[in-house]
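Colleague: Take a look at the following structure, please.
Read-outs: derived from the displayed coordinates by stated rules, not from any lab. Because the structure is a prediction, the values reported are computed rather than measured. Positions of Cβ are generated from backbone atoms using ideal geometry, with glycine treated the same way; all protein chains shown enter the neighbour counts.
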Amino acid sequence: MIDLKNGERIEDLQCRGLKIIQNKNWFCFGIDSVLLANYCNLKDGEEVVDLGTGTGIIPILLYGKNNVKKIFGIEIQKEVAEMAERTVKLNKVEEFIEIINTNIKDYRKYLEKNHFDTVVSNPPYIKTSSNLISPERKKALSRHEIEGNLEDFIKTAAELLKHRGKFYMVYRPNRLVEVFQYMKKYKIEPKKIRFVQNKEDEEPNLVLIKGVKAANSHLIVEKPLIVFDKDGNYTEEINKIYSS
């Protein structure tokens, strides 16, 4: 039996009976994490790291959708990491998922360099120079580059990945040039991107990115992923993602 703390609830993920603990007072996972987990193309038996795992949603979904050997989720916030650990225990997947409570920049204490098949990340999108920093620290750390910036996440991913290992991330399109600059700097070649639009006639508000360490240059831009149809309902593709 898993004890819930004040403000917590258990949500059914509609994926192989998996569930997740959420806290309504903190930063709950959104569609960006769901889309990223679906975007990852993992082979059987892969070892994976999720940088900035938060509630642990991405490791849980990756486990539900793939036949992985092990997924490590790194989360700097102690209370959030502890909640993610209880989610792992709730689903009885301790053999496959491990939550590590540390800054991504300190991964060397726990994980081996140049070892992992895939690194995944849904990092904070907003620079600390923004005037819109949330007064609630857990929300601020999830949204803003307070304890690690974009370069830190990409640099750490590059160090963790084996030769030709895959890097998947979701980010904001307005910082895509920065993403590519840092990926190139740390020898992760951008291979595929897909923009996400709320509606067909709107500008994209997210971009899904796949890179490969030490690969040749060749970028594929996929057709946009549309979230809502003209009536405001989820599109067929989004419904399929949520039901798979």
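Colleague: Can you put Y242, Y182 in order, fewest other beta carbons within 10 Å first?
Modeller: Ordered by Cβ neighbours within 10 Å, fewest first: Y242, Y182.
Colleague: What does a probe at E82 reach in the range 56-70, counting residues whose amide N is under 17 Å from the point 7 Å along Cα→Cβ?
Modeller: It comes to 56, nothing else.
Colleague: Using a Cα-Cα cut-off of under 19 Å, which lysines could be cross-linked to K223, ignoring same-chain neighbours fewer than 8 residues away?
Modeller: Within the straight-line limit of under 19 Å, K223 reaches these lysines: K191, K192, K199, K210, K240.
Colleague: Using 7 Å Cα-to-Cβ label points, what is the K113/L176 separation (nm, one decimal)?
Modeller: It is 3.3 nm.
Colleague: Find me the longest stretch of the chain that has none of the exposed trypsin sites (Lys or Arg not before Pro), where exposed means in a DSSP loop (not H, G, I, E or B) with at most 15 other Cβ atoms within 10 Å.
Modeller: By the stated rule (loop sites, at most 15 other Cβ atoms within 10 Å), 128-186.
Colleague: Please compute the contact order of the range 8-243 in relative form: average sequence separation of alpha-carbon pairs under 8 Å and at least six residues apart, divided by the residue count, as a percent.
Modeller: Relative contact order for the range 8-243 comes out at 16 percent.
Colleague: For the chain, the longest stretch holding no GluC sites (Glu not before Pro) located in a DSSP loop with at most 13 other Cβ atoms within 10 Å is which?
Modeller: Result for the longest clean stretch: 1-93.
Colleague: For a 25 Å ceiling on Cα separation, which of these pairs sit above it: K109/K213; K5/K155; K19/K162; K69/K185?
Modeller: K5/K155; K19/K162; K69/K185
Colleague: Moving on. If I model a spin label as a point 7 Å beyond the Cα along the Cα-Cβ vector, how far apart are those points for R164 and D231 in nm?
Modeller: Taking the simple label geometry, R164 and D231 are separated by 4.7 nm.
Colleague: To the nearest 0.05, what FRET efficiency results for T102 and V221 with a Förster distance of 35 Å applied to their C-beta separation?
Modeller: 0.50
Colleague: Nothing charged except the Cβ atoms of Lys and Arg (+1) and of Asp and Glu (-1): what's the magnitude of the dipole of the chain about its Cα centre? Round to the nearest 20 debye.
Modeller: Taking the Cα centre of the chain as origin, the dipole is about 620 debye.
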